[in-house]
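A short write-up of the structure that comes next.
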Amino acid sequence: QVQIAESGGGLVQSGGSLRLSCATSISDFADRAIQWFRQAPGKRRELVARVNKLGYKYYPENEGGRLDISRDITKKTVYLQMNNLRPEDTAIYYCHVEETSIWGQGTQVTVSS
């Protein structure tokens, strides 16, 4: 059974940084695109970042200056480095294997002002 688990969330002050991790047991990890989503209370789940099998990175909100998605193929893990965090970044962050129904349980990120 494929497993996927996020970690690294927590409470941080505005302007701080966090690095989220998404550890997987996907057999074909190197051939998969992995996405980070987030969902704030009362809001829809939204895409934050994506990395495809070629390592190409995409940030739908053009947040490449504050965010960096990366992956370690040997560890089958995807990371999301988040810098200069703002209170509006507060949400549960989820990892998702694209084109599958595989989601993690989420990790809470809370940014205080």
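The values are calculated or read from the model by the stated rules, or taken from the named source; none is laboratory data. Nothing here was measured: the structure is a model prediction, and the numbers come from that model. Don't worry about glycine lacking a Cβ; one is built from the backbone with ideal geometry, like all the others, and counts go over all protein chains shown. Remember, those area values only see protein heavy atoms, side chains included, never the ligands or the DNA or RNA. Shrake-Rupley method; radii C 1.70, N 1.55, O 1.52, S 1.80 Å.
Restricted to region 98-113, and to residues that are at pLDDT 95 or above and either of a type in the set (Lys, Arg) or part of a strand (DSSP E or B) (or both), which residue is farthest from the chain's Cα centre (by Cα)?
Ser112
Of all strands (runs of 3 or more DSSP E) completely enclosed by region 19-74, which ones contain at least 2 residues that are open to solvent by 20 Å² or more (accessible area, probe 1.4 Å), under 19 Å from Thr100 (Cα atoms) and modelled with pLDDT of 95 or more?
Counting at least 2 such residues, we get 34-39, 46-51.
Consider Tyr79 against the criteria (1) in a loop (DSSP other than H, G, I, E, B); (2) open to solvent by less than 40 Å² (accessible area, probe 1.4 Å): it satisfies all of them except one. Which criterion is unmet?
Every condition holds for Tyr79 apart from (1).
For residues in region 103-113 being in contact with a Ser or Thr (Cβ under 8 Å, 6 or more places away or on another chain) and open to solvent by 20 Å² or more (accessible area, probe 1.4 Å), which is nearest to Ile34 (Cα to Cα)?
Thr110
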